[in-house]
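Trainee: Pasting in a structure now, in structure tokens, and then I'll have a few things to ask.
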Amino acid sequence: MSTDLVTGLTSGSDFDPLDDASSWWGGQKNRSRPTMPPDPAAIRRQLAWRRAITGVLAEPDQIRVVFQPIADLARGTVAGYETLARIDVPVPGIGDRLSPDQWFGAAEENGLGPALEGVVIARALTRLDDLPPNAFLTVNVSPHLLGTPELDEAFASVPELSRVVVELTEHVAFGDLESITTETRRLRSAGALIAVDDAGSGYAGLQQILELRPQLVKLDRALVAGADRDPARAALAELLGQFAGRLDAWLLAEGIETDGELATFCRMGVPLGQGWLLGRPADEMRPLADDVRARVLAETSRVAVTDAIASVMMSKVTVTTADRCDDTTPTPAQAPSDPLVVVDRSGSPITMVAPDPRDGVMRKLPVSLRVLASDAADDVLLRALTRPAEHRFDPVVCTDSWGQVIGIALVDELTRHVVGARSADH
């Protein structure tokens with residue numbers, strides 16, 4: 001691209017690079033291998049976008065900031081709000097109602113990404129005083145833009161960031177993870193929390209989460225959609241939740257749109273949820289609607305009282321480490337009176353001494369299924385009965401949200417509980 005063309009794109013004037021034929025043809029005389037001429041349509045699109053973006057930056061009031069609630073799934077209240085940008089300015093030759101992703105993508109292509117994100121963040125932070133008590137405000141940031149003057153200025157526009165969650169989006173590659181980690185430390189020192197968006201897809205790899213140690217991990221919508229109908233999808237979401245718990249982070253299920261999805265993540269004990277079922281973006285920071293709050297509390301109560309496997313769990317269990325237990329199979333006389341679960345150094349169960357389902361005698365058995373104590377009893381029963389035949393009726397090991405063993409459940413007791421609950425419902 002010629003110098004004249006670049007000047008035309010950056011000046012904001014009425015200069016039209018397409019009218020200056022010498023900007024390309026003249027340059028061919030000094031080239032041993034001629035290049036392809038610029039695409040006129042592409043140039044006009046880029047020029048249209050640049051003029052629109054610079055116009056919005058000159059008049060930031062054209063950027064509308066809206067807030068989508070993030071629900072506390074245990075209490076049925078709002079835990080925080082995600083800030084989203086809406087720009088309804090038409091772009092000639094492109095369209096009238098363009099998505100935020102289109103605006104931010106075009107800004108990035110034109111070298112105006114930091115400026116546009118900085119303006120949106122600054123506008124969002126002016127609303128901190130509107131936050132309800134005990135709620136946080138999330139602002140979206142492209143990781144590679146952290147540390148740019150525009151973003152630094154935006155974050156410095158408020159005295160401190162104690163109620164702000166900086167959400168690292170995954171629309172582009174993280175880039176230099178070391179420098180991003182340095183920048184997130186700076187934000188933390190100012191009081192901010194860090195969140196990672198779209199965990200489970202794109203560039204949100206487990207290694208990046210491990211290095212950044214965010215306080216909030218957002219499940220990608222692809223893992224949330226249909227989780228109530230797809231056990232494999234739900235299992236992967238559960239694994240990410242356990243991983244987040246080990247890092248002392250909250251898990252947020254993003255994009256909850258159906259009652260089934262809400263029920264599934266309530267059963268899993270996921271602490272936070274977001275999506276159109278719980279609340280749509282609005283100009284004001286609104287509480288959950290009464291019917292939404294009632295729905296969340298109903299699911300939470302149902303899980304806690306009737307559905308959770310904890311209701312049939314044997315909690316009188318001894319937990320010991322492998323180095324304190326020999327590998328010999330205990331005889332009935334040597335077997336402990338209470339179930340015994342052997343764990344490795346990280347606390348993960350590796351074997352147990354429990355009642356053998358065939359005769360009730362205490363024997364060493366493998367750990368073929370480990371679940372959360374908050375998991376739904378009928379889901380656990382289904383998973384237990386789909387194990388290989390030789391392990392189908394082995395006891396199920398139950399853990400808390402941190403992965404620590406707190407008990408076991410016998411499959412026959414679990415079956416009686418599920419059948420009894422279904423009979424009561426009918």
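Trainee: Please enumerate the residues belonging to the range 53-77 that are out of contact with any helix residue (DSSP H, G or I) (no Cβ under 8 Å at 6 or more places or on another chain) and either open to solvent by less than 30 Å² (accessible area, probe 1.4 Å) or in a helix (DSSP H, G or I) (or both).
Mentor: Once the filter is applied, which keeps residues that are out of contact with any helix residue (DSSP H, G or I) (no Cβ under 8 Å at 6 or more places or on another chain) and either open to solvent by less than 30 Å² (accessible area, probe 1.4 Å) or in a helix (DSSP H, G or I) (or both), the range 53-77 yields 54, 58, 61, 66, 67, 68, 69, 70, 72.
Trainee: Does residue 372 fit the bill of being open to solvent by 20 Å² or more (accessible area, probe 1.4 Å), in contact with a Cys (Cβ under 8 Å, 6 or more places away or on another chain), at pLDDT 80 or above and among the aliphatic types (A, V, I, L, M)? Explain how you work it out, then say what you get.
Mentor: On the way: open to solvent by 20 Å² or more (accessible area, probe 1.4 Å): no; in contact with a Cys (Cβ under 8 Å, 6 or more places away or on another chain): yes; at pLDDT 80 or above: yes; among the aliphatic types (A, V, I, L, M): yes.
For residue 372, the condition - open to solvent by 20 Å² or more (accessible area, probe 1.4 Å), in contact with a Cys (Cβ under 8 Å, 6 or more places away or on another chain), at pLDDT 80 or above and among the aliphatic types (A, V, I, L, M) - is not met.
Trainee: Given the condition modelled with pLDDT under 85, open to solvent by 50 Å² or more (accessible area, probe 1.4 Å) and part of a helix (DSSP H, G or I), answer yes or no: does some residue in the range 252-275 qualify?
Mentor: Scanning the range 252-275 turns up no residue that is modelled with pLDDT under 85, open to solvent by 50 Å² or more (accessible area, probe 1.4 Å) and part of a helix (DSSP H, G or I).
Trainee: I need the full set of residues from the range 394-426 which are at pLDDT below 85, part of a loop (DSSP other than H, G, I, E, B) and buried (at least 17 other Cβ atoms within 10 Å of the Cβ), in order please.
Mentor: Answer for the range 394-426, where residues must be at pLDDT below 85, part of a loop (DSSP other than H, G, I, E, B) and buried (at least 17 other Cβ atoms within 10 Å of the Cβ): 401, 403.
Trainee: Counting just the residues of the range 226-250 that are of a type outside the set (A, V, I, L, M, F, W, C) and assigned to a helix (DSSP H, G or I), which one comes out most open to solvent (accessible area, probe 1.4 Å)?
Mentor: 246
Trainee: Considering only residues that are assigned to a strand (DSSP E or B) and hydrophobic (A, V, I, L, M, F, W, C), which ones fall in the range 83-109? Quick ask: steps written out before the conclusion?
Mentor: Step one: of the range 83-109, the residues assigned to a strand (DSSP E or B) are 83-87, 91, 95.
Hits for the range 83-109 are 84, 85, 87, 91.
Trainee: Can you list the strands (runs of 3 or more DSSP E) lying wholly within the range 126-201 that have 3 or more residues being within 20 Å of the chain's Cα centre (by Cα), modelled with pLDDT under 90 and buried (at least 16 other Cβ atoms within 10 Å of the Cβ)?
Mentor: Strands (runs of 3 or more DSSP E) meeting the threshold: 193-199.
Trainee: Among the residues of the range 277-300, which ones are loosely packed, with under 13 Cβ neighbours inside 10 Å, not in a loop (DSSP other than H, G, I, E, B) and not aliphatic (A, V, I, L, M)?
Mentor: Residues satisfying the conditions are 290, 291.
Trainee: Looking at the range 358-393, which of its residues are β-branched (Val, Ile, Thr) and assigned to a strand (DSSP E or B)?
Mentor: 371
The values are calculated or read from the model by the stated rules, or taken from the named source; none is laboratory data. Small disclaimer: the values here were computed from a predicted structure and weren't measured. With ideal geometry, Cβ positions are generated from the backbone for all residues, glycine too; neighbour counts draw on all protein chains shown. Note: accessible area is taken over every heavy atom of the protein model, side chains too, but ligands, DNA and RNA are not part of it. Shrake-Rupley method; radii C 1.70, N 1.55, O 1.52, S 1.80 Å.
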